[in-house]
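K.L.:
First the structure, which I've put down as structure tokens, then a few questions once you've had a look.
Laboratory data are not the source of any read-out in this text; all were calculated from the coordinates shown. Worth saying up front: this structure is predicted, and the values here are computed from it rather than measured. Virtual Cβ from ideal backbone geometry, glycine too; neighbours counted across all protein chains shown.
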There are 2 protein chains.
Amino acid sequence: MIADFEYGTPTKLIFGKGVVARLPEVLAQYGKTVLMTYGGGSIKKIGLYDKVKALLKDFTVIELADIEPNPKYDPSVVTGARLCKEHNVDVILAVGGGSVLDCSKAIAACAMYEGDGWTLISGEDEAKSALPIVDILTLAATGSEYDAGAVISNTALKDKRPFHSPYVYPAVSFLDPEYTYSVSPWQTACGTADAINHVLEQFFASPHSMFNDGVMISALRSLMENVKLALAKPDDYSARSELMYVCSWGCNGILSNGSGYSGWPMHSIEHALSAYFDITHGAGLAIITPRWMQEILSERTVERFVTLGVELFGFDKELSPFVLAEKVITAFYDFFLSIGIPMHLSEVGVKEDAIEEMAEHILKLDQTDGPWMYVPLDKPALVRILKASM
Amino acid sequence: MIADFEYGTPTKLIFGKGVVARLPEVLAQYGKTVLMTYGGGSIKKIGLYDKVKALLKDFTVIELADIEPNPKYDPSVVTGARLCKEHNVDVILAVGGGSVLDCSKAIAACAMYEGDGWTLISGEDEAKSALPIVDILTLAATGSEYDAGAVISNTALKDKRPFHSPYVYPAVSFLDPEYTYSVSPWQTACGTADAINHVLEQFFASPHSMFNDGVMISALRSLMENVKLALAKPDDYSARSELMYVCSWGCNGILSNGSGYSGWPMHSIEHALSAYFDITHGAGLAIITPRWMQEILSERTVERFVTLGVELFGFDKELSPFVLAEKVITAFYDFFLSIGIPMHLSEVGVKEDAIEEMAEHILKLDQTDGPWMYVPLDKPALVRILKASM
């Protein structure tokens, strides 16, 4: 059964070794003045910064460096939008991972907006246009290179918001898996955990389709097997290329075309965790995953666990549904632990005494108790999940 | 392992019951003068013609009816392009299946071209633009609603050509599975056989990826299970919706991102068959499939058969690879027979004495003996496949 949907992703993916050589011809379609955005300097270590600068010798390049993990509205978005306006930037070139991408999307929209940019990001007003975005991805994780969403933190407001606009799909994403060879084991594990969670957020929904179930299980299998290969051998091209491609499918909707809307509950919870404690997004998600699964397991949801147990993990389909479900929950816990993620929030700096406040924050921002959720989560449920995750 | 690729499909899919109600708002983005294209009248029988005309009461609608299966350059494309030029058409609305879609794509390109349109279709010249295309799909089969290709026959030249241009991606495809309820058992079977073949053409390639293998096997499973449900109960919404969605993935490249290029050999062979004998495309493909598989089975290719045997058909993985391969070939033969396709070319009107000439035709047009093929097919190989298919 394919449920009603509307889907379109205009982004062009250019994938493979050395594809960045085509950057000048691609950027030239949009103009001559480029805002180049990047993070903490890893692109300098791997030689990508110098390579891009050499390729862009005939362009005017304005730079915005030091974009934070969990990118901040102020200073990064505010500064980037100001630079675009001051220099009449034609196109944004984002070089980095999901944080740089997300920040660049927010900049692209705010640069074309006259009012206070946070009004757009927080959803009080709607973007009517955005600067074109081209990116060179250096981290397989968020799928931001292939979707129209961004997550932006506002430290002053203790707020972390998902921002969406059809105008911020990247025009072109360059995906060269070799640029992910130097990603640390921690970031490799957390990036993959993020992508795994994106699939699970869409898998636990009703209705669902035979076709999409298979696509999602294939995505999970590829992510779970290839992250182990990449951790064992960081320059395993085959593994890095699978991770990079599969991660890019995470959030543009293609996995959930035909499925009901789940509400993305684990992301709602994690956004509060990283707004309060600035933890690594993928680690937070991995820790929450088995506890959320335990919370929502019921007669109604157990069929989803059974499908995962049999199709993904190859468990014996003759086992009883709830036994299979418990085995699935344990399997995810063990898997995340095996790739180096500590499976307790206390180990990543979260304080138990903030749980009540975070639960209220989640309800206020994301209304996870709404009837549109696959399983609505009220305050006691959120508190149970968070406490079990400590 | 994800091989190098470039991918982008700008088409927006609007899927579900009743979505056609949104036609006026969508068409209005492109203008007021519409060329409405359709086939032999099935859209009148199911009430879709009247519905569309009522929805378009505020538009100027020019009609091109009677588009043939295996659409012909002359008269359909020639007439359609002339109508577009005469009436300054803003947008083409294709209402029908793959033939209507394909013909409309050729019209869209030829309408913006000054020279002889066949120059574009045959690939001697390249389209530089095309009219926008919106479609309402009534047959799950070719995937033309989600790709930039068309196949056009030129009866005078005994030629059937694949035509590609990035300008002919449909802008919007309306997919309402209810419009496929009245598709006959024969067309339901042949349309699904076409889609199954699209997947197999991409599955038999090297290299290939863990992720894409799973996606393709999920597509095959959904097609093979849901066609049986749709044949048993033509108004089974769940089955018709899966068929419609999965078929749409067939040809835009998303299944083969990361895989090597196979050369699409079965389509090369079938295009000759239907150029010479005007047979139903999907039937020709179904008949060829097991014979082509038998021809290409070797130490190098057997791994592909093993994957299908174990993952799709659930055969015992302890069996020897060649035993598994033979079981897979037989399973496809039996499957196509079970959905009502006669599995011999002689039964669909093909004459054995044309085999030599068709083999030469295939080699001349598609060079199936080229080194870019997954398995090159020279004239003796083509003759063997065709003779075995009789």
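K.L.:
Tell me the angle of helix A:355-366 to the major Cα principal axis of chain A, expressed in degrees between 0 and 90 and rounded to the nearest ten.
P.N.:
70 degrees
K.L.:
So, one more: Using Stokes-Einstein with the Kirkwood hydrodynamic radius over Cα pairs, what translational diffusion coefficient do you get for segment A:185-389 at 37 °C and a viscosity of 0.692 mPa s, in µm²/s rounded to a whole number? List each step's numbers first, then the result.
P.N.:
On the way: Rh = 17.2 Å.
Diffusion coefficient, whole number: 191 µm²/s.
K.L.:
A:Leu55 to A:Asp316: FRET efficiency via 1/(1 + (r/R0)^6), r the Cβ-Cβ distance, R0 51 Å, to the nearest 0.05? Mind dumping the intermediate values first?
P.N.:
Working: r = 54 Å, r/R0 = 1.06.
Efficiency, rounded to the nearest 0.05: 0.40.
K.L.:
Here is a follow-up. Please rank B:Glu124, A:Glu295, B:Glu303, fewest neighbouring Cβ atoms within 10 Å first, as an exposure proxy.
P.N.:
Lowest count first: B:Glu124, B:Glu303, A:Glu295.
K.L.:
Next question, about the same structure. Hey, got the average number of other protein chain Cβ atoms within 10 angstrom for residues in A:211-223? Please list the in-between numbers first.
P.N.:
Details: counts 15, 5, 3, 11, 9, 3, 3, 11, 3, 2, 4, 8, 2.
Rounded to a whole number, the mean comes out at 6.
K.L.:
Local charge sum around B:Glu356 (other residues, Cβ-Cβ under 14 Å, Lys/Arg +1, Asp/Glu -1)?
P.N.:
Neighbour charge sum, excluding B:Glu356 itself: 0.
K.L.:
Could you pull out the pairs from A:Lys57/B:Lys128; B:Lys72/B:Lys379; A:Lys85/A:Lys128; B:Lys57/B:Lys105; A:Lys17/A:Lys57 whose alpha carbons sit more than 19 Å apart here?
P.N.:
As for pairs spanning more than 19 Å Cα to Cα, those are A:Lys57/B:Lys128; B:Lys72/B:Lys379; B:Lys57/B:Lys105; A:Lys17/A:Lys57.
K.L.:
Under a 5 Å amide H to amide H cut-off, with H placed in plane at 1.01 Å, what residues pair with A:Met112 once short-range neighbours are removed?
P.N.:
A:Leu131
K.L.:
Taking amide H atoms as placed 1.01 Å from N in the peptide plane, list the residues 5 or more away in sequence, or in a different chain, whose amide H sits under 5 Å from that of B:Phe163.
P.N.:
Distant-sequence amide H within range of B:Phe163: B:Ala150, B:Val151, B:Ile152.
K.L.:
Loop only by DSSP, 14 or fewer other Cβ within 10 Å of the Cβ. Give me the trypsin sites (Lys or Arg not before Pro) in segment B:136-228 that pass, ordered by residue number.
P.N.:
B:Lys158
K.L.:
Along the charge dipole of chain B, pointing to its positive end and built from +1/-1 on Cβ of Lys, Arg, Asp and Glu, which listed residue (B:Leu93, B:Ala331, B:Leu382) has its Cα farthest out?
P.N.:
About the Cα centre, the residue reaching furthest to the positive side is B:Leu93.
K.L.:
Roughly how many debye, to the nearest 20, is the charge dipole of segment B:344-390 about its Cα centre, given +1 on each Lys and Arg Cβ, -1 on each Asp and Glu Cβ, and no other charges?
P.N.:
About 100 debye.
K.L.:
Where in segment A:149-180 are there chymotrypsin sites (Phe, Trp or Tyr not before Pro) that are in a DSSP coil and have at most 11 other Cβ atoms within 10 angstrom of their Cβ?
P.N.:
Qualifying residues, ordered by number: none.
K.L.:
So what's the net charge close to A:Ser76: Lys and Arg +1, Asp and Glu -1, counting the other residues with Cβ under 9 Å from its Cβ? Walk me through the numbers on the way to the answer.
P.N.:
Numbers: positive: A:Lys72; negative: A:Asp66, A:Glu68, A:Asp74.
Value of the local net charge: -2.
K.L.:
Follow-up. Quick one: check the C-alpha center-to-center distance for segment A:306-350 versus segment A:253-303, whole angstrom.
P.N.:
Segment A:306-350 and segment A:253-303 have Cα centres spaced 14 Å from each other.
K.L.:
Further question: Give me, ordered by chain and number, the residues 5 or more places off A:Gly97 or on other chains with an amide H under 5 Å from its own placed amide H.
P.N.:
A:Thr138
K.L.:
Also, I was wondering about something else. Pick from A:Glu68, A:Glu145, A:Glu352 the residue whose mean-square fluctuation is largest in a GNM of chain A, springs joining Cα atoms under 10 Å.
P.N.:
Checking each option, the largest mean-square fluctuation is seen for A:Glu352.
K.L.:
By how many degrees, 0 to 90 and rounded to 10, does the Cα axis of helix B:379-389 deviate from the longest principal axis of chain B?
P.N.:
Helix B:379-389 sits roughly 90 degrees off the main axis of chain B.
K.L.:
Grab the DSSP H runs of the protein assembly as shown that are 4 residues or longer, score each as -39,500 (n - 2.57), total them, divide by all residues and round the 222 nm result to the nearest 500 deg cm²/dmol. Mind showing how you got there, number by number?
P.N.:
Working: 30 runs with 352 residues, N = 780.
Using -39500 (n - 2.57) per qualifying helix, the result is -14000 deg cm²/dmol.
K.L.:
Taking the Cα centre as origin and putting +1 on Lys and Arg beta-carbons and -1 on Asp and Glu beta-carbons, what dipole magnitude results for the protein assembly as shown, to the nearest 20 debye?
P.N.:
Result for the protein assembly as shown is approximately 340 debye, rounded to the nearest 20.
K.L.:
Here's a follow-up. Note down, for the protein assembly as shown, the three equivalent ellipsoid semi-axes (square root of 5 times each alpha carbon gyration tensor eigenvalue), biggest first, whole angstrom.
P.N.:
Listed largest to smallest, the semi-axes of the protein assembly as shown are 44, 31, 26 Å.
K.L.:
Tilt of helix A:210-232 relative to the longest C-alpha principal axis of chain A, in degrees (0 to 90, nearest 10)?
P.N.:
70 degrees
K.L.:
Using the count of nearby Cβ atoms within 10 Å as a rough guide to exposure, how do B:Phe336, B:Phe15 rank from fewest to most?
P.N.:
B:Phe15, B:Phe336
K.L.:
With a sphere of radius 12 Å drawn around the Cβ of A:Lys51, what net charge do the other residues whose Cβ falls strictly inside it have (Lys, Arg +1; Asp, Glu -1)? Spell out each step's value before the answer.
P.N.:
Numbers: positive: A:Lys44, A:Lys53, A:Lys57; negative: A:Asp50, A:Asp176, A:Glu178.
Once all neighbours under 12 Å are counted, the net charge is 0.
K.L.:
Right, something else. Tell me, A:Asp316, B:Asp176 in order of fewest to most beta-carbon neighbours within 10 Å?
P.N.:
A:Asp316, B:Asp176
K.L.:
Can I ask one more? In what sequence, highest mean first, do A:16-27, A:243-254 appear when ranked by Cβ atoms within 10 angstrom?
P.N.:
Output ranking for A:16-27, A:243-254: A:243-254, A:16-27.
K.L.:
Testing the spin-label approximation: label points 7 Å from Cα along Cα→Cβ at B:Asp235 and B:Lys387. State their distance in nm.
P.N.:
Placing both labels 7 Å beyond Cα along the Cβ direction yields 5.1 nm.
K.L.:
As an exercise, use a Förster radius of 30 Å and the Cβ-Cβ distance of B:Asp278 and B:Gln29 to find the FRET efficiency, rounded to the nearest 0.05.
P.N.:
0.20
K.L.:
Here is a further query. Considering only the label points, 7 Å along Cα→Cβ from Cα, what distances in nm to one decimal separate B:Gly349 from the same position in each other copy, shortest first?
P.N.:
Result for B:Gly349, in nm, nearest copy first: 7.3.
K.L.:
Taking the Cα-to-Cβ direction at A:Ala156 and at A:Leu337 and moving 7 Å from each Cα, how far apart do the two end points lie in nm?
P.N.:
The answer from the label model is 4.4 nm.
K.L.:
Over chain A, what is the relative contact order in percent, taking alpha-carbon pairs closer than 8 angstrom and at least six residues apart?
P.N.:
16 percent
K.L.:
With r defined as the distance between the Cβ atoms of A:Asp353 and A:Glu6 and R0 fixed at 60 Å, what FRET efficiency is calculated, to the nearest 0.05?
P.N.:
0.85
K.L.:
Okay, moving on. Just want the answer: with Cβ charges of +1 for Lys and Arg and -1 for Asp and Glu, which residue in B:Leu319, B:Pro290, B:Leu55 is farthest toward the dipole's positive end in chain B?
P.N.:
B:Leu55
K.L.:
For chain B, restrict the atom set to alpha-carbon positions and state the Rg and Dmax in Å.
P.N.:
20.4, 66
K.L.:
Another question, then. If the only charges are +1 at each Lys and Arg Cβ and -1 at each Asp and Glu Cβ, what is the size of the charge dipole of chain B around the Cα centre, to the nearest 20 debye?
P.N.:
So the magnitude is around 840 debye.
K.L.:
Continuing with the same structure: Within a 10 angstrom radius of each residue's Cβ in A:234-242, how many Cβ atoms of other chains show up on average? Whole number is fine. Could the numbers behind the result be given before it?
P.N.:
Numbers: counts 0, 0, 1, 2, 5, 2, 2, 8, 7.
Averaged over the peptide's residues, the number is 3.
K.L.:
Just to confirm the filter: which trypsin sites (Lys or Arg not before Pro) across segment B:72-140 are DSSP coil and have at most 13 other Cβ within 10 angstrom of their Cβ? Before the final figure, lay out the partial values.
P.N.:
Working: sites: B:Lys72, B:Arg82, B:Lys85, B:Lys105, B:Lys128; in loops: B:Lys128.
Taking segment B:72-140 and a limit of 13 other Cβ atoms within 10 Å, the loop trypsin sites (Lys or Arg not before Pro) found are B:Lys128.
K.L.:
Return the Rg/Rh ratio of segment A:177-281 with Cα-based radii and a Kirkwood Rh.
P.N.:
1.00
K.L.:
Still on this model: Can you tell which of B:Gln294, B:Gln29, B:Gln202 shows the greatest fluctuation in a Gaussian network model of chain B with Cα springs below 10 Å?
P.N.:
Of B:Gln294, B:Gln29, B:Gln202, the Gaussian network model singles out B:Gln29 as fluctuating most.
K.L.:
Per residue of A:243-250, what is the mean number of Cβ atoms on other protein chains within 10 angstrom of that residue's Cβ?
P.N.:
Taking all residues of A:243-250 together, the mean is 3.
K.L.:
Anyone know which of A:Pro132, A:Pro177, A:Pro376 comes out most mobile in the 10 Å Cα GNM of chain A?
P.N.:
It is A:Pro376.
K.L.:
May I ask you to derive the relative contact order of segment A:185-389, considering only C-alpha pairs under 8 Å and at least 6 residues apart, and to give it as an integer percent?
P.N.:
26 percent
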